[in-house]
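Okay, so here's the structure we're looking at.
All of the numbers you see were taken from the coordinates with simple rules; none came from a lab. This is a predicted model, so every value here is computed, not measured. Note that each Cβ is placed from the backbone with ideal geometry, even for glycine, and that neighbours are counted across all protein chains shown.
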Amino acid sequence: MTWDARQQAMLEAMGYKLWAAPEPAVAEPEAAPAPREVPREVPREIPREAAREASRAPVQIAQALAPVMPQRGGVPSAAGSAARPEIATLDWKQLQESVAGCRACGLCEGRKQTVFGVGNEQAHWMIVGEAPGEQEDRQGEPFVGTAGQLLDSMLRAIRLTRQEAAPAQQVFIANTLKCRPPRNRNPEPDELAACQPYLERQIELVKPRIILALGRFAVQALLGSNEAIGRLRGKVHSYQGIPVIVSYHPAYLLRNLGDKARAWEDLCLAMSTLQAQAVPS
Ligand code: URA
């Protein structure tokens, strides 16, 4: 497999320097059976095993695309949309107002402001993260700290943005929680359950064609699963019929640079999944 210009841009944006392997590329002696294609350019910093996996990505993507596994979404709690049914009837503006005035859990006491989300209300891509941190609480926008910078780079590499653009390019970014947990601690189950109807309604109104679930709390909210990200990624899941791709949270990637290669595969899978949906005109 060769990295095309777009893939190279993506890898570079994710912090990988590319180098051109000497021609002809030589397969490792122990590699058996011989790979169908030997990568001509491999990101220097990707560990050998990850590079091997990346070269198999098209096969994995094809396998992963086969079944869109139907799964129940949502935090398994009585306090989801069933407990706050009025939220499911709100339009976008009413939803924003409801979030801004929400006092459904204790997080309202410590917040500077709520963080509703940012991006295109008709976005094809929806990105779901965890919860606002200090910067997000201050600025009222998700993913504006260092994790957000990495997320923006990753999005830019696949020609997506949070800035003003058409629905195919401008994503919508939301979190499972709309308020900052104190000292950035993990969300509590009651907080997730109280906030869940907001996320559900956002998804219902945006109607994304694909959802990228970043980190375990997004996965819990959308898939109702507590499985490790490593076991869930690489497959196409489903929330209310919308394909969901599971990937690592950018804050985790900042601490675990070796997993950036896997995050790249996850973005490839998301792109392929979206392309596979495209209706020929
Ligand atoms: N991490 C998240 O999950 N969301 C944010 O908005 C910021 C950091």
Only bridges whose two residues both fall in region 80-278 count here: according to DSSP, what percent of them are antiparallel, nearest 5? 30 percent
Sorted by Cβ neighbour density within 10 Å, fewest at the top, the residues W264, W92: W92, W264
Could you put F217, F143, F172 in order, starting from the residue whose Cβ has the fewest other Cβ atoms within 10 Å? F217, F172, F143
Report the local net charge at A100: Lys and Arg +1, Asp and Glu -1, summed over other residues whose C-beta lies under 13 Å from its C-beta. +4
Extended-chain gain in nm, criterion 0.36 nm per residue less alpha-carbon gap, Q240 and T161: 26.0 nm
Counting only DSSP loop positions in region 141-208, the GluC sites (Glu not before Pro) whose Cβ has at most 14 other Cβ atoms within 10 Å are E164
Contour minus Cα-Cα distance for A228 and R138 (0.36 nm per residue): 29.3 nm
Give the Debye-formula value of log10 I(q)/I(0) at each listed q (0.08, 0.09, 0.10, 0.18 Å⁻¹), with one equal scatterer per alpha carbon of region 80-278, two decimals each. -0.23, -0.29, -0.36, -1.31
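Less than 13 Å Cβ to Cβ from P182, Lys/Arg counted +1 and Asp/Glu -1: what total charge do the surrounding residues give? Walk me through the numbers before you get to the answer.
Numbers: positive: R111, K112, R180, R183, R185; negative: E109, E134, D137, E188, E191.
Charge balance in the 13 Å sphere: 0.
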From the Cα centre of region 204-256 to that of region 167-200, the distance in Å is 13 Å
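Roughly how big is region 80-278's charge dipole about its Cα centre, with Cβ charges of +1 (Lys, Arg) and -1 (Asp, Glu), in debye to the nearest 20?
For this selection, approximately 380 debye.
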Full-extension gain in nm, A83 to E204, via 0.36 nm per residue minus C-alpha separation: 41.8 nm
Work through the residues other than Q135 whose Cβ is under 12 Å from its Cβ and net out their charges, Lys, Arg +1 and Asp, Glu -1. -1
Report the one residue of S238, L160, F172 whose Cα lies farthest in the direction of the positive end of the charge dipole of region 80-278 (charges on C-beta: Lys and Arg +1, Asp and Glu -1; origin at the Cα centre). L160
Fewest to most Cβ atoms within 10 Å: V171, V206 sort as V206, V171
